[in-house]
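Working notes, structure below.
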Amino acid sequence: KDIEFIRSAFYNKLEFARFDSNLGRFVGYTEYGVKQANYWNKDTSYIAALNAQREAVCLNNVGIDYRTA
């Protein structure tokens, strides 16, 4: 449950928006990023796909990093 999937969007080395799986939505960091985040958050299928990537990528590979000897 401590696993977090983050997808960041950059332009000119500046992060303008980020998807955070703990929040379940995009967050904008610039004026343009806020507009883009609002646009992306309206697309429920895109949000569902990103949440599915968290399950497919992060949760399936958590055992690799947290091995017990």
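The values are calculated or read from the model by the stated rules, or taken from the named source; none is laboratory data. Note that this is a predicted model, so its numbers are computed, not measured. Note that each Cβ is placed from the backbone with ideal geometry, even for glycine, and that neighbours are counted across all protein chains shown. Side chains included, ligands, DNA and RNA excluded: accessible areas come from the protein's heavy atoms. Shrake-Rupley method; radii C 1.70, N 1.55, O 1.52, S 1.80 Å.
Quick rundown of the values:
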item	result
Under-5 Å amide H pairs with A17, H placed in peptide plane, nonlocal only	A9, Y29
Rounded to 10°, Cα long-axis angle of helix 31-42 versus longest principal axis of the chain	60 degrees
Cleavage-rule hits, chymotrypsin sites (Phe, Trp or Tyr not before Pro), the range 1-67, DSSP coil, Cβ neighbours within 10 Å at most 11	Y66
R54, R7, R25, ranked by accessible area, largest first (probe 1.4 Å)	R25, R7, R54
Residues of the range 14-54 with amide N under 18 Å of the 7 Å Cα→Cβ point at N60	48-54
Probe 1.4 Å, protein heavy atoms only - accessible area per residue of the chain in square angstrom	78 Å²
The chain - mean residue ellipticity at 222 nm from DSSP helices (-39,500 (n - 2.57) per run, n ≥ 4, rounded to 500)	-11500 deg cm²/dmol
Which labelled figure in (i) 1.07; (ii) 0.95; (iii) 0.99 is Rg/Rh (Cα atoms, Kirkwood Rh), once derived from the coordinates	(i)
Angle in degrees between helix 44-53 and the longest Cα principal axis of the chain, rounded to the nearest 10	30 degrees
Percentage relative contact order, the range 6-68, counting C-alpha pairs under 8 Å, at least six apart	20 percent
Extended-chain gain in nm, criterion 0.36 nm per residue less alpha-carbon gap, K42 and N22	5.5 nm
